[in-house]
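One structure is given here, and the rest of the page talks about it.
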Amino acid sequence: MLNTSIDLLDRFSAVQTPEDRWKIANEVFAELGGCGLTYAMVDVRNLIPHWVQSSLSEEWLSEYVEQDYHRVDPFLLDMRREPIGSLAIGGSLSRDTAPSEKALQLNWGFRDAGYTLMRSNLFAGDASHSRKCVTFCTTEDVSHFGEDQVRKIRQASTMVAAFVTPLASSKDDVISKGIRHKKLSGRERQILAELANGNQNTQIAHDLGIAEVTVRKTLLSAREKLGASTREEALAIAVRLGILSL
């Protein structure tokens, strides 16, 4: 066990750039029988990702967003629990065991995409109220994954959480962009659009026929969903993600 940890430490310490460390992370997971890696940091208050980067297929990631699978994703829902590992086996749910029809679709969609197992590990995030999730994915026979394999995956995940930083493109990734966009209500997008036009709270309330306190509460909600500290930052994020156009 110690030798494995030392080997991983040496490999990640030998390179400095986010791109090289992400490459090593995927190489290590491949050596453990993985076919892909998903690495994310999530705000546990609203379960919205700060960023996500993944080496899973683009087709599956697009389907995940289009089908709103984040609403029933067991890994996202586990984010508020203690930082322990979570497991998902593709095709393991039936109509009798699935908590919802959408959860059943996610479980079998995962299987139909060619994946058999996902194992995630949670770690402390870099921002307040956040956690990192490192998820190992495989297409192999899940019966091959015994306690020793699980231990090695946990070791590798720990190194990923400690050494790997998000790529510059991760802030515009398809998953977090899609989730953030769909999490915003129509009213939140409407008020952000008014704000983008230079209107202040009083004018926005007048134009929309609502109370000014409602405007303030709605803007606060939109900021939290977008992970923004200020309304100006919320606007910038909304524009960057394509939620608003100026």
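The values are calculated or read from the model by the stated rules, or taken from the named source; none is laboratory data. None of the values given here were measured: they were computed from a predicted structure. Cβ atoms come from the backbone with ideal geometry, glycine included; neighbour counts cover every protein chain shown.
Of the residues making up the stretch 107-137, those that are basic (Lys, Arg) and either on the phi > 0 side of the Ramachandran plot or surrounded by 22 or more Cβ atoms within 10 Å (Cβ to Cβ) (or both) are Arg119, Lys132. One residue stands out in the stretch 216-228 among those that are in contact with a helix residue (DSSP H, G or I) (Cβ under 6 Å, 6 or more places away or on another chain) and in contact (Cβ under 8 Å) with a residue 40 or more places away in the chain: the one that is surrounded by the fewest Cβ atoms within 10 Å (Cβ to Cβ), namely Lys225.
The criterion of being more than 30 Å from Ser62 (Cβ to Cβ) and of a type in the set (Val, Ile, Thr) does not hold for Val239. Annotation: Trp108 fulfils all but one of (1) in contact with a His (Cβ under 8 Å, 6 or more places away or on another chain); (2) modelled with pLDDT of 95 or more; the unmet one is (1). In the stretch 46-66, of all residues being hydrophobic (A, V, I, L, M, F, W, C) and outside any loop (DSSP other than H, G, I, E, B), the one that is modelled with the lowest pLDDT corresponds to Ile48. Any chance the stretch 38-55 includes a residue that's among the aromatic types (Phe, Trp, Tyr) and over 19 Å from Leu122 (Cβ atoms)? No, that holds for no residue.
Residues that are outside any strand (DSSP E or B), farther than 22 Å from Asp7 by Cα and either in contact with an Asp or Glu (Cβ under 9 Å, 6 or more places away or on another chain) or at pLDDT 90 or above (or both) do occur in the stretch 23-45.
Taking Thr135, is it over 16 Å from Asp78 (Cβ atoms) and modelled with pLDDT of 90 or more? Criteria not met by Thr135.
Within the stretch 85-117, being under 17 Å from the mean Cα position of the chain (by Cα), under 26 Å from Val164 (Cα atoms) and either assigned to a helix (DSSP H, G or I) or free of Cβ contacts under 8 Å to residues at least 60 places away in the same chain (or both) holds for Ser86, Leu87, Ala88, Phe110. Here Val160, Val213 are screened, and the one residue that is in a helix (DSSP H, G or I) and either surrounded by fewer than 20 Cβ atoms within 10 Å (Cβ to Cβ) or outside the structural domain of Glu27 (by TED's automatic domain parsing) (or both) is Val213.
For the condition under 15 Å from Arg180 (Cα atoms), assigned by TED's automatic domain parsing to the domain that holds His144 and charged (D, E, K, R), Asp68 qualifies. Consider the stretch 210-246 and keep the residues that are among the basic types (Lys, Arg) and in contact with an Asp or Glu (Cβ under 9 Å, 6 or more places away or on another chain). The one that is modelled with the highest pLDDT is Arg223. Scan the stretch 171-191 and tell me whether some residue there is farther than 27 Å from Tyr64 by Cβ and acidic (Asp, Glu). No; the residues of the stretch 171-191 include none that is farther than 27 Å from Tyr64 by Cβ and acidic (Asp, Glu).
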